[in-house]
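Asker: Could you have a look at this structure, given as structure tokens, before my questions?
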Amino acid sequence: MILITGGLGFIGSHTTRAMLDLGESCLLVQRRAAAVPDAFAGEAGRRVFVEQADITDRPAFLEIGKRRKITGIVHLAGSVPWPPGGPLGRVASPFVAAPQLVHAAVRGTPPDLSALHSPAYAGDGIDLCYVKDCGRAIALLQLSEQLSYRTYNVAAGRATTNGQIAAAIRKVIPDAQIELPAGRDPDGPGHDTYLDITARDTSARSRRGPPRSARPGLPRRAGRRGGRSGRAPRSRRPPAPP
């Protein structure tokens, strides 16, 4: 059974779904009242369990460990001060324009981009990883018998610009009221932020070769990192024995 902190959040719920699809059972820990969401209702009490605990409450987690047979931990609980309802359904982001653009298009109104830390220019972009791909990647890493590296970056490997997001929205909603200034933010870094997943470390340690195909085993832990830079989640594991 894999314990997933933040397992009912945006990335966490998709990681949970991927774990279930790979045949693993999951224990989801959240700080709100423990309840299995409708998406996992069919697995409740069999392969999906929910516990209420705050990630800062060490005794609560130790008690959970006494009652449940935990074989691995995926830490996806964030420190972002989400509203009581959690990040699901969040319509505004201070970092990227995509949520505001999508929700405004659905409502048929111009997007309110005032929550952004910097203006949204059409030519600026960041690494936007499809959440289902992200969740499956974390699950595969967590359940792999052996990994060759300490750190794995999960990313799309390319930048998606605000202009490309707007174009994708207009394919579905042709009359979407999206007007973005052309080019890049003159006060911005002048380049896109994304993870280059084509780069390969040629050190002696990395020459062991790529990781084996993921299959159920005895995992340790996986996690994510994110932030203002738009970096996609990444997973950590101790290196495999030589």
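Asker: Are there any pairs with C-beta distances below 6 angstrom linking a residue in the range 52-70 that is within 15 Å of Met1 (Cα to Cα) to a residue that is among the basic types (Lys, Arg) and at pLDDT 95 or above, with the two at least 6 apart or on different chains, and if so which?
Answerer: Note: no pairs meet the criteria.
Asker: Right, something else. Got at least one residue in the range 7-26 being surrounded by 14 or more Cβ atoms within 10 Å (Cβ to Cβ) and either on the phi > 0 side of the Ramachandran plot or without any contact (Cβ under 8 Å) to a residue 12 or more places away in the chain (or both)?
Answerer: Checked against the condition, which is being surrounded by 14 or more Cβ atoms within 10 Å (Cβ to Cβ) and either on the phi > 0 side of the Ramachandran plot or without any contact (Cβ under 8 Å) to a residue 12 or more places away in the chain (or both), the range 7-26 yields no hits at all.
Asker: In addition: Collect the residues in the range 38-60 that are assigned to a helix (DSSP H, G or I) and either polar (S, T, N, Q) or more than 21 Å from Met19 (Cα to Cα) (or both), keeping them in residue-number order.
Answerer: The answer is Arg58, Pro59, Ala60.
Asker: Please count how many residues of the range 117-129 are open to solvent by less than 20 Å² (accessible area, probe 1.4 Å) and either at pLDDT 95 or above or assigned to a loop (DSSP other than H, G, I, E, B) (or both).
Answerer: 2
Asker: Scan the range 130-152 residue by residue and report those that are surrounded by fewer than 20 Cβ atoms within 10 Å (Cβ to Cβ) and hydrophobic (A, V, I, L, M, F, W, C).
Answerer: Listed by number, the list holds a single entry, Val131.
Asker: Looking only at the range 104-116, which residues are open to solvent by 40 Å² or more (accessible area, probe 1.4 Å) and either part of a helix (DSSP H, G or I) or of a type outside the set (A, V, I, L, M, F, W, C) (or both)?
Answerer: Val106, Arg107, Gly108, Thr109, Pro110, Asp112, Ser114
Asker: Moving on to the next point. Select from the range 153-165 the residues that are open to solvent by 20 Å² or more (accessible area, probe 1.4 Å) and of a type in the set (Val, Ile, Thr) and write down the one among them that is farthest from Thr198 (Cα to Cα).
Answerer: So the residue we want is Ile165.
Asker: Looking at Ala39, Ala53 in this structure, which one is open to solvent by 60 Å² or more (accessible area, probe 1.4 Å), of a type outside the set (Lys, Arg) and touching a helix residue (DSSP H, G or I) at 6+ places or on another chain (Cβ under 9 Å)?
Answerer: That would be Ala39, the only listed residue that is open to solvent by 60 Å² or more (accessible area, probe 1.4 Å), of a type outside the set (Lys, Arg) and touching a helix residue (DSSP H, G or I) at 6+ places or on another chain (Cβ under 9 Å).
Asker: Filter the range 130-146 down to the residues that are outside any helix (DSSP H, G or I) and either among the basic types (Lys, Arg) or within 20 Å of the chain's Cα centre (by Cα) (or both), then identify the one that is farthest from His14 (Cα to Cα).
Answerer: Once the filter is applied, the top-ranked residue is Ser144.
The values are calculated or read from the model by the stated rules, or taken from the named source; none is laboratory data. Just so it is clear, the structure is predicted and the values come from calculations on it, not from any experiment. Note that each Cβ is placed from the backbone with ideal geometry, even for glycine, and that neighbours are counted across all protein chains shown. Each accessible area value is taken on the protein alone, full model and side chains, heavy atoms only, with ligands, DNA and RNA left out. Shrake-Rupley method; radii C 1.70, N 1.55, O 1.52, S 1.80 Å.
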